[in-house]
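The values are calculated or read from the model by the stated rules, or taken from the named source; none is laboratory data. Just so you know, these numbers come straight off a predicted model, no measurement behind them. Here the Cβ positions follow ideal geometry from the backbone for every residue, glycine too, while neighbour counts run over all protein chains shown.
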Amino acid sequence: MNFVKPTIEYSQLWPLLVIFAVACIGVLVEAFVPRALRFRVQTVLAAAGLLVALAGTIWVATDLDVLGDGVARGSVDVEGTIVIDGPTVFFWGILLVFALGGVLLFAERQLEGGVSAFAGQAAALPGTEAEREASTRGLEHTEVYPLLMFAVGGMLLFPAANDLLTLFVALEVLSLPLYLLCGLARRRRLLSQEAALKYFMLGAFSSGFFIYGVALTYGFAGSMGFSEINEAVRNDVGNQTLLLLGLGMVSVGLLFKVGAAPFHSWTPDVYQGAPTPVTAFMAAGTKIAAFGAILRLYYVAFGSDRWSWQPMLWVIAILTMVVGAVLAVVQTDMKRMLAYSSVAHTGFLLTGVLGVQQASELSDGQVTSLQAVLFYLTTYGFAMIGAFAVVTLVRDSGGEATTFARWQGLGRRSPLIAGLFAFFLLSMAGIPLTAGFVGKWAVFTVALSAGAWPVVIAAILCSIIAVFFYVRVIVLMFFLDGDSSGGEVATVTKPSVLTSATILVGVAATLVLGIVPGPVLDLAANAGQFVR
Amino acid sequence: MYAFNEGGAIPVVDPTTADGVFTLLWLVVALPLAGAAILLIGGRRTDRWGHLLGTALPIGSFVISLVLFISLLGRGDDERQVMQHLYTWIEVGHLNVGMDLLYDQLSALFLLLITGVGSLIHIYSIGYMAHDPRRRRFFGYLNLFVAAMLVLVLSENYLGLFLGWEGVGLASYLLIGFWQHKPTAAAAAKKAFVLNRVGDMGLSLAIMMFFVLFGSTSFHVISEAAGNASEKQMTILGLLLLLGACGKSAQFPLQAWLMDAMEGPTPVSALIHAATMVTAGVYLIVRSNFVFDRAPDARTVVLVVALISLFWGAWIGCAKDDIKKSLAGSTMSQIGYMMTAAGLGVAGYPFAIFHLLTHGFFKADLFLSAGSVMHGMNDDVDMRHYGLLRKAMPVTFLTFTMGYLAIIGFPGFSGFWSKDGIIETALSQNILVGVLAALGAGVTGFYMTRMMLMTFFTDKRWEKDVHPHESPTVMTGPLVVLAALAVFGGLLILNDWIVDWLSPVTGTAPHESPPIPALAISAIVFVLVLAGAAVAWLVVGRQAVPRTAPTQVSWVTRAGREEVYGNVINDTLVVDPGRHLTAGVLATDRYVVDGALTGGPVAIGAVAGVARRAQNGFVRSYALSLLGGALIVALALLAVNLA
């Protein structure tokens, strides 16, 4: 029997490996570094790892091979399981930037009076002596940093995966640390643990669908690789029913991750229960990574079978937007409102996925779907992280105050913070001169070019409903007096430079991407096509 | 009906690059924008001099606009379209959306109107808002509003126009809700914003459709290539643009926000209702003449909407006792006139713009005069508490009278020329439209005379501790200027100047004579106006006006007071279905999904006493919905593809 040594292109892969290495070193740090030093070592290590990986990503991006006709750049690596191409490095870039924002929010210790937002001792039961002791001793979990890095690693692998098995591994690598992180809130621990358990159980359930779909697809194509599946679809070999069921089940797994209706039900509970820094990171990161995977799977593996998945996606996109926008209207909790709004954004993104895929099908200079979705994800990530970072600042005696009643009149008490939050909301609503407008415009136009006008009309209707609930929050902050119900009102706690920096970068990016979106749109355009 | 349009030359927007004095164009927008930035970012440090700066900058814009206008007059007809490229907003491949400014005959007139009337309103506000602790912020918002409006009329492409469009929406939201301590103001601001978004949906769909059809959003490219599109496409585009125009210009069925918008300070009402925001819809239609000229069906819809609005607004104007709301109704009606003219096509466009300008003068005059009256009456807006104010406020009385004579179309005053122009054009195109427009003039005579009599004549019906007094000079000064404009604005039609001036933009219509001589039409319309005024005199002038509104009134009056049930219609058509949809989705989430498993709703929040809201919080029901979704996905895929 002949063994062939697999070739692994380390020169292309090393940003990914840096992240996993840092994660492993982080585990060792937990074991060997004295407790007093751990926080500092872990944060510096994580931030440095992310920066190195970011630099590496840029280096890899400039060094991609140009393929064939020049619309695609990159290569298929590691025996066909991973693709490093233009879209991949774009996803890596924005994921790493948002992960950096995540680390900054994780490391914030000024808001809770010297400790982080994570539970002092996760193993201590809520309300017991052990918990009180952990709290008085000022314990904190620095394991969150390696967990975060593992999740980031999974996210990086997710949009790069070029076969179904790697896709599944990446899915689990990114999900498991997130399940844990969701359960680690310092305050409202029961809510947090409940959220983690729900997320885990539903995640496991949906993974079941995913892996079943993988099996069925393998049954159809006889291979896990995306290009082989594409070949099989094109040549119409095998049993069509197997293909359709496989496609459907795999879609369920991915649509669950992005929070599309009817697979969205976990989103509000988990977003609300998880510690807000985790929510911020998860809202941006998971969605970006999962959309990367969805795009590659649908465009590369099932690209030739577009006519079978497109009607399904039409319906899901419309349903997601309607459910997200309508349910957001009745929310009275800021984190839940943002969660439903992120569901609506998933719908808008799916609208973009429906657009025209091939540059050859477009008239000159039109935006491709991939480009539009990449740009939208970038704008969405900045606004989401920024908005959740603001949520961490608005507090009352019981920690973060997320109910609407507490936010009443915030604009009078802290005009700056309320103004920034309003700006993020306006961007999410898609008001011109904010990033959100250009993003929405891009995805709607590509969908319209592909003839999906019913979806676009639904999308515009939903974005009007969305304006309504965003404006409601702005009215609440600026036009209503606090304390009308006689209850306590929340005030803004002054954050350290870490959170301030995150918010500032979010605002700056949202503004700049709205006024001069050109460079980032160019970057997205340069990402080109998927390498098949 | 529109035979002359087919085959006739529809003008193409083809500007030359700005040079010489025209390179100053960007300053017109930049000055008020800088004012807004300084006043809003500068904070309390600018409190002392903020209002002066905020007034000086729009005046600067006006001076530049005037200089540009004079230079434009000095140029030949074919050199009067100028474009200035500022920077490239979005550039991907061949998609190139620039921040380009287009200065032509149409935008030149708008520039003068916006900066001119805008500056007067700024000056007036110095006096009106003198005692408001947040005056500086008010001026910041006003500047922002003016800047956004200038972007709207100066942009060379639809995307830039949309930017200004949303900008005025946002600024008007801030201004209407300026007195945030009044909950009604906050509600009104929100309503204006949301209803405007419905119109924006139409406009944004139209822009995307332009982009898909022509690969560009620039007026230049689209007007050149518009001939290649089918009439059906043009009709759809026209209807979408009309939806946008209806939202911004408060035309049927999106008019409900306008009455509520009266919650804002009076200068805001003048700025929104006279000089700027509401005229944006008319501008949009005239600017998109290359679409409407090719879509006769869309023009017919414009006419229908315009005539409905004309009478709807007049009806409201007749019944309201609140002086500002009555004026708001009249605004809706007058914009109905402009839209009627725009709907008539090439022959009507110049008169739409002409009436827009004169209306800008006399309506600003009327609103600011009304503000002056309120100022003297301790901010009371109920006309039933006025009466005999001509003695107490002679200057305001005089300026209001000039505005009044202009709006009813008294011969010689500005409104006479513009309104008669519209009625004549309508009669020569379509008898029915012309007759309706003439009847509308009669109704205008009624409600304006009623307002005039109740406010300045009849008996004193003042509240006890009210001592009416004339307003300070800083307020009456602008009033006098506006009154003069309201009187002499008609000069623009001298020698058909405005028609010829606009013809390179809107196209030239072959001359068509109305069925009866123009002089006879003027006479008939004037008789109608006099009849309306006489009825008003019989109703309010001859008998005492009760201090409280009578409740035993005909359904006509009741409907008018209820704004012809605009709110009810909105509620039943939009709000209630929305509410039911929400409730339905919630109920499905909470009961159906859960109920299938447990046989009924279980106390929410049983888990560890944590309060849960909208969703029931049970993993099992979430999992069920996931399973259900997966089943549906699989079955639907199979059904669609294998059936």
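Here are a few things to note about the model shown:
- When B:His85 is tested against (1) more than 14 Å from chain A (Cβ to nearest Cβ); (2) part of a helix (DSSP H, G or I), exactly one condition is not met: (2).
- Selected residue (criterion: surrounded by the most Cβ atoms within 10 Å (Cβ to Cβ)) from residues of region B:175-197 that are under 18 Å from A:Val467 (Cα atoms), of a type in the set (A, V, I, L, M) and at the interface with chain A (Cβ under 9 Å from one of its Cβ atoms): B:Ala189
- For region A:416-452, the set of residues classified as over 21 Å from the mean Cα position of the chain (by Cα), more than 9 Å from chain B (Cβ to nearest Cβ) and either part of a helix (DSSP H, G or I) or under 30 Å from A:Leu480 (Cα atoms) (or both) consists of A:Leu416, A:Ile417, A:Ala418, A:Gly419, A:Leu420, A:Ala422, A:Val446, A:Ala447, listed by residue number.
- Looking at region B:207-311, the helices (runs of 4 or more DSSP H) lying wholly inside it that each contain 3 or more residues that are surrounded by fewer than 23 Cβ atoms within 10 Å (Cβ to Cβ) and either within 14 Å of another protein chain (Cβ to nearest Cβ) or acidic (Asp, Glu) (or both) sit at B:219-225, B:231-248.
Residue by residue, here is whether (1) closer than 25 Å to B:Ser471 by Cα; (2) small (Gly, Ala, Ser) holds:
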position: B:Ala30; (1), (2): no, yes
position: B:Arg45; (1), (2): no, no
position: B:Val63; (1), (2): no, no
position: B:Arg136; (1), (2): yes, no
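- Candidates A:Val456, A:Val531 - the one that is within 26 Å of B:Gly98 (Cα to Cα) and either more than 10 Å from chain B (Cβ to nearest Cβ) or touching a residue at least 60 places away in the same chain (Cβ under 8 Å) (or both): A:Val456
- Among the residues of this structure, A:Phe209 does not count as one that is without any contact (Cβ under 8 Å) to a residue 40 or more places away in the chain and either facing chain B (nearest Cβ under 10 Å) or crowded, with 21+ Cβ neighbours inside 10 Å (or both).
- Any chance A:Leu521 is at the interface with chain B (Cβ under 10 Å from one of its Cβ atoms) and touching a strand residue (DSSP E or B) at 6+ places or on another chain (Cβ under 6 Å): yes
- Tally, over region B:390-420, of residues that are in contact with a Pro (Cβ under 8 Å, 6 or more places away or on another chain) and surrounded by fewer than 24 Cβ atoms within 10 Å (Cβ to Cβ): 1
- Residue check for A:Pro146: more than 14 Å from chain B (Cβ to nearest Cβ) and over 18 Å from the mean Cα position of the chain (by Cα): yes
Yes/no per residue for (1) closer than 17 Å to A:Gln331 by Cβ; (2) at pLDDT below 90:
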site	(1), (2)
A:Leu362	no, yes
A:Leu374	no, no
A:Thr402	yes, yes
A:Pro432	no, yes
A:Ala435	no, yes
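- In region A:500-514 there is no residue that is more than 10 Å from chain B (Cβ to nearest Cβ), buried (at least 19 other Cβ atoms within 10 Å of the Cβ) and part of a loop (DSSP other than H, G, I, E, B).
- All told, B:Val381 meets the bar of being β-branched (Val, Ile, Thr) and touching an Asp or Glu at 6+ places or on another chain (Cβ under 6 Å).
- Pairing each residue of region B:394-406 that is under 15 Å from B:Pro468 (Cβ atoms) and in the same structural domain as B:Tyr447 (by TED's automatic domain parsing) with any residue that is charged (D, E, K, R) and surrounded by fewer than 24 Cβ atoms within 10 Å (Cβ to Cβ), provided the two are 6+ apart or on different chains, yields C-beta distances under 8 Å for B:Pro394/B:Glu470; B:Val395/B:Glu470; B:Thr396/B:Glu470; B:Phe397/B:Arg390.
- Residues in region A:220-270 that are closer than 27 Å to A:Leu174 by Cα, of a type in the set (Phe, Trp, Tyr) and away from chain B (no Cβ under 12 Å): A:Phe226 alone.
- Residue in region B:316-324 that is over 28 Å from B:Pro504 (Cα atoms) and part of a loop (DSSP other than H, G, I, E, B) present: yes
- Check on A:Gly486, farther than 25 Å from A:Ala524 by Cα, more than 12 Å from chain B (Cβ to nearest Cβ), touching a Lys or Arg at 6+ places or on another chain (Cβ under 8 Å) and at pLDDT below 90: no
- Lone qualifier among A:Ala119, A:Ala151, A:Ala124 - being within 30 Å of A:Asp85 (Cβ to Cβ) and in contact with a helix residue (DSSP H, G or I) (Cβ under 7 Å, 6 or more places away or on another chain): A:Ala151
- Tally, over region B:145-162, of residues that are in a helix (DSSP H, G or I) and closer than 17 Å to B:Ile114 by Cα: 11
- Search result, residues across region A:516-525 that are crowded, with 16+ Cβ neighbours inside 10 Å and in a helix (DSSP H, G or I): A:Gly518, A:Val520, A:Leu521, A:Leu523, A:Ala524, A:Ala525
- Matching residues in region B:510-526 - criterion: being surrounded by fewer than 21 Cβ atoms within 10 Å (Cβ to Cβ) and either assigned to a helix (DSSP H, G or I) or among the hydrophobic types (A, V, I, L, M, F, W, C) (or both): B:Ile516, B:Ala518, B:Leu519, B:Ala520, B:Ile521, B:Ser522, B:Ala523, B:Ile524, B:Phe526
- Test result for B:Val168, more than 13 Å from chain A (Cβ to nearest Cβ), in a helix (DSSP H, G or I), of a type in the set (Val, Ile, Thr) and closer than 26 Å to B:Met259 by Cβ: no
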